[in-house]
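Accompanying notes for the structure given below.
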Amino acid sequence: MAVAKRIAGGDNETGSDAADIRHIRLHAEGARSPMDVPRPQGRRRVGKLVAAAVGVVGLAAVTAYVATLGPALPTVQADTVWMDTVAHGEFVRDVRGPGTLVPVRRRWITALTAGRVDEILVEPGAEVTATTALYRLSNPDVEVQLLTVRQQLSDAEAELVTLASNVESNELAQKALIAQVRTQYLEATHRDEMNRELNAKNPGLVAEFDLARGRELVAELDNRLAIETRRLDVLADSADEQLSAQRTQVGRLRSIVRFNEERARALVVRSGIDGVLAESGVEEGQWINAGETMGRVVQPGRLKAELRVPQNRAGDLAIGQAAEIDTRNGMIDGSVSRIDPAVRDGTITVDVSLASDLPAGARPNMSVDGTVVLERLDDITYVGRPANARAHERVGLYRLDDGGEVARRVSVKLGRVSANHVEVLEGLRPGDRVVLSGLSALDEHDAVRIER
């Protein structure tokens, strides 16, 4: 009934109903419908299985390939990294340090005497000689003390003259006394001899008392003469000691006078050497104590370089090693003349004597860079020194492949180091290109792509 209705309905049937009607009509006409054709059901299932298997295998292969690719390499720009080529040949070991040009001879001007600055006679920058007066000081106490010691010296000299006169007078008086005693002794001896001769010719002519008295007088005068002679010797020795002590006192006072005269003359402060007054640190009216620095005089024509070399690089420094000083206006050749034994702020001061011909722009206190050549070695493989590289350590460096597009980390053993280069013992060959700096942020990667 439904079919008859759909047939009777004509154009009002739906698409599916139209298909059913056509099938019925064909069947009624004796024709075979396509749906009545037998189909190979087993072959269709095999095809589906094969297609599914091929898809699974392909997906697995793609997954495995992608797994082998790993993560993408980080990329850096070539102009942001420092690269160098490993070389082989002469290797120059040197050390470098900043420094300053200073005069070979410089003199600090100090006050020998305390005083008030009355006048500044020379301004900084002026050429001076050894006798040029730089400052004039005043100190009344120094002048008073000079007058006092001069008076003491005059008194001591007068006392010396008086003492010498007294000594001479005493010696003359003693000599006169000795002459008198000698005369008495000779008279007594002569009288005693006469009495003895008379008594020998005429016994009893001279009394025994007179003979005995004569002998006693001779003995007394002889003893007195010896005593007075000894007294003269003692007086001469004592006089020499007194005169020597007084002369010493006079000499001491003269030295004190000279010292105070020097102090008074030092109130006029002089340069002491030929050169240029580099600086002055006082003002008029200022009180200056003895020993206080007032200025500095330098000889600008004779300069040397004072380099500050890091203490961990100064172990091989030696007197006489060649050096080169960069003044930014020119290069100056020199040699190491002194190495400071003390370490200050982690550096060692090295003095470099310079050639006589200096660039026109060389001035005292100019900042310079200096390089000291430690030694020259032949047949050495070396490369630019990586940042913070130390001698005889193993580091990881990025070596570029043949195409120069990828840098891979390799282990490199370093040897001796220089200011700009380092010896390569293992891990690199001459001609290898390596990245020395600029990849610190990518240390966790073993390979980096270099993009040019």
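The values are calculated or read from the model by the stated rules, or taken from the named source; none is laboratory data. These numbers were taken from a predicted model, which means no experiment stands behind them. Here the Cβ is made from the backbone with ideal geometry for all residues, glycine too, and neighbour counts use every protein chain on show. The area values use the complete protein model at the heavy-atom level, side chains included, leaving out ligands, DNA and RNA. Shrake-Rupley method; radii C 1.70, N 1.55, O 1.52, S 1.80 Å.
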Could you sort the peptides 74-84, 291-301 by per-residue average Cβ neighbour count (10 Å cutoff), highest mean leading? 291-301, 74-84
Residue order for 88, 445 - accessible surface, 1.4 angstrom probe, largest first: 88, 445
Debye log10 I(q)/I(0) at q = 0.18, 0.20 Å⁻¹ for segment 347-452, Cα point scatterers: -0.91, -1.04
Going by average Cβ neighbours within 10 Å, how do the peptides 402-414, 159-171 rank, with the highest at the top? 402-414, 159-171
5 Å is the cut-off here: which amide hydrogens, built 1.01 Å from N in the peptide plane, fall below it relative to residue 406, excluding neighbours closer than 5 in sequence? 401, 450
Whether segment 383-436 is rounded, prolate or oblate, judged on the alpha carbon gyration tensor where a/c under 1.5 counts as rounded: prolate
Decide, for segment 71-177, between rounded, prolate and oblate: order the square roots of the alpha carbon gyration tensor eigenvalues as a ≥ b ≥ c, take rounded if a/c falls under 1.5, and otherwise choose prolate if a/b is larger than b/c, else oblate. prolate
Would segment 257-312 count as rounded, prolate or oblate if I go by the C-alpha gyration tensor, calling it rounded below 1.5 in a/c and otherwise prolate when a/b exceeds b/c, oblate otherwise? prolate
